[in-house]
1. Run lengths n ≥ 4 of DSSP H only: what is the helix-derived mean residue ellipticity at 222 nm for chain A, with -39500 (n - 2.57) per run over all residues, to the nearest 500?
2. What pairs from A:Lys9/B:Lys163; A:Lys41/B:Lys163; A:Lys76/A:Lys179; A:Lys141/B:Lys265 go past 29 Å between their alpha carbons?
3. Calculate the mean, over all residues of peptide A:159-166, of how many other protein chain Cβ atoms lie within 10 angstrom of the residue's Cβ.
4. Net charge within 15 Å of B:Ile60 by Cβ-Cβ distance, Lys/Arg positive one each and Asp/Glu negative one each, not counting B:Ile60 itself?
5. Per residue of B:170-180, what is the mean number of Cβ atoms on other protein chains within 10 angstrom of that residue's Cβ?
6. Taking only C-alpha pairs under 8 Å that are 6+ residues apart, what is the relative contact order of the range A:26-160 in percent?
7. Which percent, nearest 5, of DSSP beta bridges in the protein assembly as shown are antiparallel?
8. Placing +1 on the Cβ of each Lys and Arg and -1 on the Cβ of each Asp and Glu in the range B:3-55, which of B:Val33, B:Gln10, B:Trp47 has its Cα farthest towards the positive end of the resulting dipole?
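Each value in this text was obtained by applying a stated rule to the coordinates, not by laboratory testing. Keep in mind that what you see is a predicted model, and the values were worked out from it rather than measured. Here the Cβ positions follow ideal geometry from the backbone for every residue, glycine too, while neighbour counts run over all protein chains shown.
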Amino acid sequence: MLRLQELTKTYKTGDQALKTIDLDVPKGQVLALIGPSGAGKSTMIRCINRLVEPTSGAVLLDETDLTRLGSGGLRKARREMGMIFQEYALVERLTVMENVLSGRLGYVGFWRSFLRRYPQPDVDEAFRLLDRVGLLHMADKRADELSGGQRQRVGICRALIQNPKLLLVDEPTASLDPKTSRQIMRLITELCQERGLAAIINIHDVALAQMFVPRVVGLRFGEIVYDGLPTGLSPDKLTEIYGEEDWEATIEKVEDEDDDIEAAE
Amino acid sequence: MPVLEHEGTQIWRRRTTGENLIRWFGWLLGVAVFLYCWQIISASTTWFFVWDAPRIADDIWTRATPPKWEYITQLGRPIWDTLNIATLGTLIALFLAVPVAFLAARNTTPSTLFIRPLALLIIVSTRSINSLIWALLLIAIIGPGVFAGVIAIAIRSIGFCAKLLYEAIEEIDHSQVEAITATGASRWQVMAYGIVPQILPAFAGIAVFRWDINIRESTVLGLVGAGGIGLQLSASLNVLAWPQVSLILLVILAAVVISEWVSAKVRGAII
C-alpha cells in the first residue's frame with residue numbers, strides 16, 4: 001500500500017539523512033522503525049507526508065506518487081495519513097475536543113473550522129473516539145491541563161478522526177513513563193488492528209518494539225540495515241544498527257524490568 | 001582563570017595580572033572622560049539661572065496651588081477626546097500591525113528576500129518617528145483636530161505592535177504547526193489553528209500595553225494642535241494660568257493611573 005522507492009534526503013547543510021531508502025508496507029501492517037538518534041527515522045516519516053521535502057525518489061501511496069503532488073493534491077493525500085508526535089504536539093490553548101476535531105481540518109472548509117461548526121458526523125466520531133481511549137470526561141478540558149499519557153491519547157484521536165489508511169508515529173513513548181509507554185503502544189497497535197491500518201512507528205526502545213510489532217526495520221546513517229521479525233534482532237544485529245555495546249546484558253535487563261512492572265500491575 | 005604555582009600550592013585568581021591592569025585603565029579612562037565632560041557642561045552653564053531655580057520653582061508652585069477646581073467642567077470633553085484618540089489609534093494600529101507582523105516573522109513570511117525586508121522597513125520607519133512629529137506632519141496634511149491625533153497615534157504604534165507580535169510569532173512551538181499541517185489543513189487553517197492560539201496571549205498583552213502608552217502620548221498631542229487635553233494645556237501655559245495647568249496635570253495623572261490599573265488587570269487576567 002505504501003512504497004518508498006529510492007527515497008533520499010539531503011539537507012541544505014549537506015547532511016545526507018536518507019540514502020536511497022526502499023521500503024514496502026502492505027495494508028494493515030504495523031512496523032517499528034528503530035535506530036540510533038540521527039539515523040534519519042524522523043526524517044523518513046516526515047518525507048512520507050512531506051513535512052520535509054524529499055530530495056529525490058518516490059513515495060507511492062496506493063499508486064499515487066506523493067512527491068509529485070501540487071499543494072491541493074498533497075492536502076488530500078495528507079488526510080489519508082494520520083500523524084502522532086513525540087511531544088504530543090497538541091494545540092495547548094485549545095480544548096481536547098477542538099484538538100480532536102482539528103483532525104478533520106482537511107475535510108472542512110475554512111469558515112466552518114474557524115467558527116467551530118463541524119458537521120455532526122465528525123462531532124459524533126470525535127465523542128466515539130474519546131470514549132474509546134477513555135477521555136470522554138475530559139472533552140471540555142484545555143489540552144495543557146492533561147497529563148502526558150492523556151495528551152498522547154488525544155493525539156491518537158486526532159490522527160484517527162482523519163480516517164487514515166496509514167499512521168505515521170514519531171517516538172510516541174519517548175516522553176512517557178514505562179507503564180504509560182506500554183499502554184500507549186498497546187492502544188496504537190490495537191486501534192490499528194481494529195481499523196486495519198498500516199503504521200510506521202519510530203521508536204528507540206527496542207524491547208518495547210519487540211513486544212508489540214510483527215516487523216522491525218533498523219536504520220543506521222540513513223540506510224536500512226535490518227528488516228525482519230522482532231525475534232531476529234540478535235546482539236549482532238543490534239550492534240550493526242546501534243554500534244558496539246554489550247547487548248546481552250541490556251536486553252536481559254530490560255526484560256527483567258518488564259517482568260517487575262508486570263508483577264506490580 | 002589563571003592558576004599560579006607558589007611553593008607547591010596552586011593559587012587561583014579570577015583574572016590574570018594583565019586583565020587586571022586593562023580593567024584598571026578602563027576605569028581610569030571612564031572617570032577622566034566623565035570629569036572632562038563635566039567641565040565642558042559647567043563652563044557653558046549660566047549658573048545664575050541654576051542658583052535661581054529653587055526660587056522660581058517655589059514661585060510657580062505658589063501660583064499653581066491650589067488648582068482651579070471649577071475649571072474641571074471644561075476638561076471633561078478634552079480628556080474624553082484624549083481617551084478616544086488613544087483607543088481608536090490603538091485599534092487601527094493593531095488592525096494594520098497583524099498583517100505586517102505575519103509578513104515580517106521568519107516562519108510565516110511568504111518571501112524572506114522581498115516581503116520580509118519591506119515589512120521590517122514599515123516597522124522601523126513607523127517606530128523611529130515620535131508621535132508628536134507624526135502629528136505635526138499630519139496636521140499639515142489633514143488639518144488640526146482629533147482625527148490627525150488618531151492617525152498619528154495609529155502610525156506610531158504600528159511598528160511597536162508589529163515588532164512585538166512578530167517576535168511572538170517567531171517563538172511559537174513549531175511542532176503544533178506541523179501537527180495541524182499533517183492533517184491536510186490549508187494555509188489559512190494552519191494559521192487559525194496552529195499559530196493564532198499560540199500568539200493570542202501575547203497579542204492581548206501587546207494591545208493593552210500599547211493602549212496604556214498611547215494614553216500618555218495622546219495627552220501631549222494637543223500641544224501641536226492634534227486635539228485632546230493637550231490643547232487646554234498649551235492654551236493655559238500660553239496665558240500663564242498656573243492654577244489651570246496644575247489641574248490639567250492632575251487630570252492627566254489620574255487618567256494615566258487608571259489606564260495603568262486597567263492594563264495591569266487585563267494582563268493579569270490573560271496570563
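1. The helix-only estimate for chain A comes to -12000 deg cm²/dmol at 222 nm.
2. From the list (A:Lys9/B:Lys163; A:Lys41/B:Lys163; A:Lys76/A:Lys179; A:Lys141/B:Lys265), the Cα-Cα distance tops 29 Å for A:Lys9/B:Lys163; A:Lys41/B:Lys163; A:Lys76/A:Lys179.
3. Mean shielding by partner chains, rounded to a whole number: 1.
4. Here the count lands on 0.
5. Averaged over the peptide's residues, the number is 5.
6. Relative CO of the range A:26-160 lands at 27 percent.
7. The answer is about 60 percent antiparallel.
8. The listed residue farthest towards the positive side: B:Trp47.
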